[in-house]
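Only one structure is covered here, and it is reproduced in the block below.
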Protein chains: 2
Amino acid sequence: MAHLMNNKDLEFLLYQVFEAEKLTDIAHYQDHDRTTFDGILNTAERIATDYFEPHNAKADEHEPQFDGEKVTTIAEVKDAWQHFANSGLLSARHSFEDGGMQLPALIHMAANTYFMSANPSTAGYPFLTTAAANVIHAFGTAEQKATFLPHMFSGRFSGTMALTEPDVGSSLGDLNTKASPADDGSYRIKGQKMFISGGDQDITENIVHLVLARIEGADKGVKGISLFIVPKFITNPDGSLANRNDVQLAGLLHKMGYRGTTSTVLSFGEKDSCVGYLIGEAGKGLMYMFKMMNEARIGVGLGAAMIGYRGYLESLDYARNRPQGRKPTEKDPLSKPVNIVEHADVRRMLLAQKSYVEGSLAVCLLAARLVDEQEAGGNEDSGILLDLLTPVVKSFPSYYGPRANDLAIQVLGGSGYIREYPVEQCYRDNRLNPIHEGTHGIQSLDLLGRKLWQHNGKGLKLLMARIHATLASAAQKEELAGLVGEYQTQLKTVQETTLLLGGALQKGQVDEALSNAALYLDMMGKAVIGWLWIEMADKALTAFGQADSADDQAFLAGKLQAAQYFVRWEMPEIQHQARLLQSFDRTCLDMKNDWF
Amino acid sequence: MAHLMNNKDLEFLLYQVFEAEKLTDIAHYQDHDRTTFDGILNTAERIATDYFEPHNAKADEHEPQFDGEKVTTIAEVKDAWQHFANSGLLSARHSFEDGGMQLPALIHMAANTYFMSANPSTAGYPFLTTAAANVIHAFGTAEQKATFLPHMFSGRFSGTMALTEPDVGSSLGDLNTKASPADDGSYRIKGQKMFISGGDQDITENIVHLVLARIEGADKGVKGISLFIVPKFITNPDGSLANRNDVQLAGLLHKMGYRGTTSTVLSFGEKDSCVGYLIGEAGKGLMYMFKMMNEARIGVGLGAAMIGYRGYLESLDYARNRPQGRKPTEKDPLSKPVNIVEHADVRRMLLAQKSYVEGSLAVCLLAARLVDEQEAGGNEDSGILLDLLTPVVKSFPSYYGPRANDLAIQVLGGSGYIREYPVEQCYRDNRLNPIHEGTHGIQSLDLLGRKLWQHNGKGLKLLMARIHATLASAAQKEELAGLVGEYQTQLKTVQETTLLLGGALQKGQVDEALSNAALYLDMMGKAVIGWLWIEMADKALTAFGQADSADDQAFLAGKLQAAQYFVRWEMPEIQHQARLLQSFDRTCLDMKNDWF
């Protein structure tokens, strides 16, 4: 039996830390209650366990094949997709009138944790489809919505986001794909896209590509970019399929991990007959895509957190059952070996994983709750805070999730390195996450160069207010006073550093202030995750007194210990990072190409 | 054309930093000079380039197959093996009278860098054979040597080291393989071994396994372990093969990387007729094996360094040729994109790699030089220092080499994650190195629990003397005074921490002192590598004045910048590690199994 999730963790986060039941106070969610939430979580767990996890290794070993005509994936992927679609989860967040469940983002994300833990590659198909459908729902015409959405929700059609081009990766403003207006109001698309996940497959009847392109004569740069719907098959208004559109699979790319999701090179308009439909207004393509992209970034964070989490559970299980060696103080070499979980260094590796992956999961769920507060609750501040936090939600799990997987391998030793055990796949799968949907470098510039200063720095003020509320509560508990003090020392340094860098940017010292942005992203990530650990410790301590069983108490004690680990072992690196940032260290900036 | 090595790096390290030519002052090496050294390096580079590198990816994609009867590897591996053997490198370190080249360990290791960079999997076969041959040479009888060594040196036979058992990984004292004396003076071996690299293959006529086993009636624990030669085919004294011995391949293990080297489960004596020959004295098996193991640990360090180095060169090449984005201060979005090496964050990732992999290579070459000083030069102190440093030589490259490979992927972005580019294989290959030949956990206990205190702490005193000599020289150069000061701050902390932990161990606070040993290993690694960077900076600055060309000056300037990066960006983490160590932080030690 695979370990997808310790349901105590999810329950603790949803109902104690993020108070999911209070979401039903929002009118849009008023028909829900804990029973409907738990029902959906149970369904998700069952489908993930029965239809996603069993072929996770098989889809890795037998990656999709392309014979020049057709892509073939293993049959289990299609079966899993169909079960996912049948559950209603593809449209779960949409309103009842659109055929959805009006489910809070928080619960939707909690449901998704099971799929990401079970099989991130196969989960890629529904998650991309959901994101593409959201864009069409938000910005498409009534006709576009009617033509595509019902079939994307039912699982007949899947969706993709086609941004990257062979010569244009992170720098979207340079993209070259062209769109020429046709007489019928549609466009003819021409160009090549690369690294398009799910760009072709044999799972769904049709694929709805959302394609960024530049309309003939449009400005260069980002303002000339528009967004188009480009279906694999031209689709009649009733959803039936007409002829094949002129979008061709030029080839599959062969990834280190995440192998079950096709990664494609797509050629649009090789025969000059690729039909595309403009979404919304011309020139606003990047703005629309960023709606999808921000959701996708949070989704990447969740994927990274859950692959990390899966590895943690696997390595914990191994450590509890593998006898090997003795304690340093055991003088009798013939005594019975202990299970390796008894070794301090193994506990360190497990505790580090726990602090990374549970902290990562917490920040992703926080993001989902902010989506609910903003979108359904109409709280603008929550939207501003979410904007600020998005680079952290994307990048902290993407950096520390793979580190957790690295430690999981190390706990298993030689067994961790072979494909006969599951953790090496986690390590390979998770390595994608610091790259796609904006690399670490992009996230760090987004945070330090832009997000911090939007709305006159209101996002940061909102964040600090929430952090201080947590600290005020925790500081009242004698057991946490020391930890709160240690946290505050680090937070103060982050605040000072932020002010100093902001001042430099205002003075136009752009190169100096941004050159070490990667350090700042990590520092802010630690501050945010550390805050959430204090919050979890505070809630755990409150719950401890009312815990029914030794089991529950042990669970809560673990939260306290992980909080201590994160604050005491991980956060103090902030001091060193701050020294480099505050001194505007030029070591990297001054390095010359020909010195390498 | 693949990038195996920047020969300027090797030349700088060998002839300026480690003064290889002075080795010819040692009588045993007196017939050598720089011409013979360079001749051997050129040969190694040519064979690695022509016969190892071209099938590195192919051997990864087409890993060895076992049909239940026979293992099949791709033909290129055997071809490469034969070229390696024909070059004389298998016996290069042995004396002229034994048919060797009497080559210094330093030059031998430098030659090996090319193979590790080109194809670490295929290089595994000759390197294991060399190590096994060294044990037989050191501890075998004249008959054993005559029977096996000529054929191991010629490439007819390969060698393995068979330690690990399915239930016994790091804890060798618990091993269960049995040896029963037979009437003819040989033994009958019975047991199973796991993770045996090169344990079967179709490359050589015969395989010489060195097997740890316990003679019937011997003590339990490490003192009851003996070492045996167990050939795949019984070998006549003239080297011709007699009947097949009773050692069977139970199965291949399927690794994440290093796929070209078979990893095997071997069954010895399933038919009760597995013949083994005792090496040296009964009960001293572990001591003999540790000779091989210490060499192997240094070899693992070198492999990790070179896989890291290969990834660095690949990512540098990519960064220099990939246009993408613009500088933060470039206001014109339509200006020509710059090559990504111009971005500060990319330079950071390249500079970090450079500092890790060139520092790792330096510490490995230092270890080789210490071998020369000890074995050929008769300098006991060098042997004591080598003993102390071995955990660092093994573990620093094994930890930071994979980190370099992680950064290499990140420099390439999406291209770094696909098998169409070489860096993802580096990342998978290198992940083995923190595991085999003693995990990080084992190395950290070896260093802090044992090596530091041997010979009354003389190793540490010798290390400090060498470090202080470097600092004294560097401090005389105005340009380095600041860096030396920063280094000294860190070194002082390491020394204080060492004293404190030593005191605790003396007082019997074993659990407390050893529980955070992993931090100490990393701290000591940084101190050693930082020292070598100061040494390299010092030598580079001396050479700078005499440099003939702008090219050479740029090369030397890069050494200074990398030294600055390592001391200023990496070393200050020591402060945080020291606080945890000096406070005997109990966070990990106190964590309970049921709290996870």
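The values are calculated or read from the model by the stated rules, or taken from the named source; none is laboratory data. Please read these numbers as outputs of a predicted model, since none were measured by experiment. When we count neighbours, we look across all protein chains shown, and the Cβ atoms used for this are built from the backbone with ideal geometry, even at glycine. With ligands, DNA and RNA removed, areas are computed over all heavy atoms of the protein, side chains included. Shrake-Rupley method; radii C 1.70, N 1.55, O 1.52, S 1.80 Å.
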Test: residue in the stretch B:453-462 that is touching a helix residue (DSSP H, G or I) at 6+ places or on another chain (Cβ under 6 Å), open to solvent by less than 10 Å² (accessible area, probe 1.4 Å) and among the hydrophobic types (A, V, I, L, M, F, W, C): no
Odd one out for B:LYS354 among (1) open to solvent by less than 10 Å² (accessible area, probe 1.4 Å); (2) touching a strand residue (DSSP E or B) at 6+ places or on another chain (Cβ under 7 Å); (3) basic (Lys, Arg): (2)
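This table checks each residue for (1) more than 14 Å from chain B (Cβ to nearest Cβ); (2) farther than 30 Å from B:ARG322 by Cα; (3) under 24 Å from the mean Cα position of the chain (by Cα).
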site: A:SER121; (1), (2), (3): no, no, yes
site: A:GLY140; (1), (2), (3): yes, yes, no
site: A:LYS190; (1), (2), (3): yes, no, no
site: A:GLU205; (1), (2), (3): yes, yes, no
Within the stretch B:166-204, considering residues that are touching a helix residue (DSSP H, G or I) at 6+ places or on another chain (Cβ under 8 Å) and part of a loop (DSSP other than H, G, I, E, B), the one most open to solvent (accessible area, probe 1.4 Å): B:ASP167
Residue within the stretch B:225-240 that is open to solvent by less than 10 Å² (accessible area, probe 1.4 Å), out of contact with any Pro (no Cβ under 8 Å at 6 or more places or on another chain), within 21 Å of B:LEU163 (Cβ to Cβ) and within 14 Å of chain A (Cβ to nearest Cβ) present: yes
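Residues are listed down the side, and each one gets a yes or a no for (1) closer than 30 Å to A:GLY485 by Cβ; (2) open to solvent by 10 Å² or more (accessible area, probe 1.4 Å):
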| site | (1), (2) |
| --- | --- |
| A:ALA367 | yes, no |
| A:LEU385 | yes, no |
| A:TYR417 | no, no |
| A:HIS436 | no, yes |
| A:MET464 | yes, yes |
| A:ALA472 | yes, yes |
Residue match in the stretch B:503-516 (condition: within 20 Å of B:GLY359 (Cα to Cα) and away from chain A (no Cβ under 14 Å)): no
Residue in the stretch B:388-396 that is surrounded by fewer than 19 Cβ atoms within 10 Å (Cβ to Cβ) and within 24 Å of B:HIS440 (Cβ to Cβ) present: no
Test set (1) open to solvent by 10 Å² or more (accessible area, probe 1.4 Å); (2) touching a helix residue (DSSP H, G or I) at 6+ places or on another chain (Cβ under 9 Å); (3) in contact (Cβ under 8 Å) with a residue 40 or more places away in the chain; (4) part of a helix (DSSP H, G or I) - B:VAL135 fails condition number: (1)
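Being hydrophobic (A, V, I, L, M, F, W, C) and open to solvent by 20 Å² or more (accessible area, probe 1.4 Å) is the filter; apply it to the stretch A:558-584 and report the residue that is farthest from the other protein chains (Cβ to nearest Cβ). Walk me through it before giving the result.
Residues of the stretch A:558-584 that are hydrophobic (A, V, I, L, M, F, W, C), as a first pass: A:560, A:562-563, A:566-567, A:569, A:571, A:574, A:578, A:580-581, A:584.
Restricting the remaining residues to those that are open to solvent by 20 Å² or more (accessible area, probe 1.4 Å) gives A:560, A:584.
Numbers: A:LEU560: 9, A:PHE584: 11 Å.
Within the stretch A:558-584, the match that is farthest from the other protein chains (Cβ to nearest Cβ) is A:PHE584.
Could you tell me which of the residues B:GLN65, B:GLN30, B:GLN82 is in contact with a strand residue (DSSP E or B) (Cβ under 7 Å, 6 or more places away or on another chain) and not β-branched (Val, Ile, Thr)?
On the way: B:GLN30 fails: in contact with a strand residue (DSSP E or B) (Cβ under 7 Å, 6 or more places away or on another chain); B:GLN82 fails: in contact with a strand residue (DSSP E or B) (Cβ under 7 Å, 6 or more places away or on another chain).
Exactly one of B:GLN65, B:GLN30, B:GLN82 is in contact with a strand residue (DSSP E or B) (Cβ under 7 Å, 6 or more places away or on another chain) and not β-branched (Val, Ile, Thr), namely B:GLN65.
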Count - residues of the stretch A:169-181 that are facing another protein chain (nearest Cβ under 10 Å) and within 21 Å of A:ASP200 (Cβ to Cβ): 1
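Give the residue that is nearest to the other protein chains (Cβ to nearest Cβ), with candidates limited to residues of the stretch A:419-430 that are surrounded by 24 or more Cβ atoms within 10 Å (Cβ to Cβ) and out of contact with any Pro (no Cβ under 6 Å at 6 or more places or on another chain). Steps first, please.
From the stretch A:419-430, those surrounded by 24 or more Cβ atoms within 10 Å (Cβ to Cβ) are A:423-430; that's our starting set.
Retained after the next criterion (residues that are out of contact with any Pro (no Cβ under 6 Å at 6 or more places or on another chain)): A:423-428.
Values: A:VAL423: 10, A:GLU424: 4, A:GLN425: 8, A:CYS426: 11, A:TYR427: 7, A:ARG428: 7 Å.
By that ranking, first place goes to A:GLU424.
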Qualifying positions in the stretch A:438-450 - surrounded by fewer than 24 Cβ atoms within 10 Å (Cβ to Cβ) and within 12 Å of A:THR390 (Cβ to Cβ): A:GLY438, A:ILE442, A:ASP446, A:LEU447, A:ARG450
Any hit, the stretch B:13-20, residues being of a type in the set (Phe, Trp, Tyr), outside any helix (DSSP H, G or I) and open to solvent by less than 80 Å² (accessible area, probe 1.4 Å): yes
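Could you say whether any residue in the stretch A:400-412 is of a type in the set (Phe, Trp, Tyr) and touching a Pro at 6+ places or on another chain (Cβ under 8 Å)? Step through it out loud before you land on a result.
Looking only at the stretch A:400-412, we keep the residues that are of a type in the set (Phe, Trp, Tyr), and these are A:400.
When the remaining residues are screened for being touching a Pro at 6+ places or on another chain (Cβ under 8 Å), the result is none.
Among the residues of the stretch A:400-412, not one is of a type in the set (Phe, Trp, Tyr) and touching a Pro at 6+ places or on another chain (Cβ under 8 Å), which makes the answer no.
Quick one: how many residues across the stretch A:310-351 are part of a loop (DSSP other than H, G, I, E, B) and either open to solvent by 20 Å² or more (accessible area, probe 1.4 Å) or more than 7 Å from every other protein chain (Cβ to nearest Cβ) (or both)?
Taking the stretch A:310-351 as the starting set, the residues that turn out to be part of a loop (DSSP other than H, G, I, E, B) are A:322, A:324-338, A:343.
Pick out the ones that are also either open to solvent by 20 Å² or more (accessible area, probe 1.4 Å) or more than 7 Å from every other protein chain (Cβ to nearest Cβ) (or both) and you get A:322, A:324, A:326-338, A:343.
The qualifying residues number 16.
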Residues of the stretch A:552-578 classified as more than 17 Å from A:VAL357 (Cβ to Cβ) and either modelled with pLDDT under 95 or of a type in the set (Ser, Thr, Tyr) (or both), total: 0
Qualifying positions in the stretch B:264-306 - at positive phi and open to solvent by less than 10 Å² (accessible area, probe 1.4 Å): B:GLY269
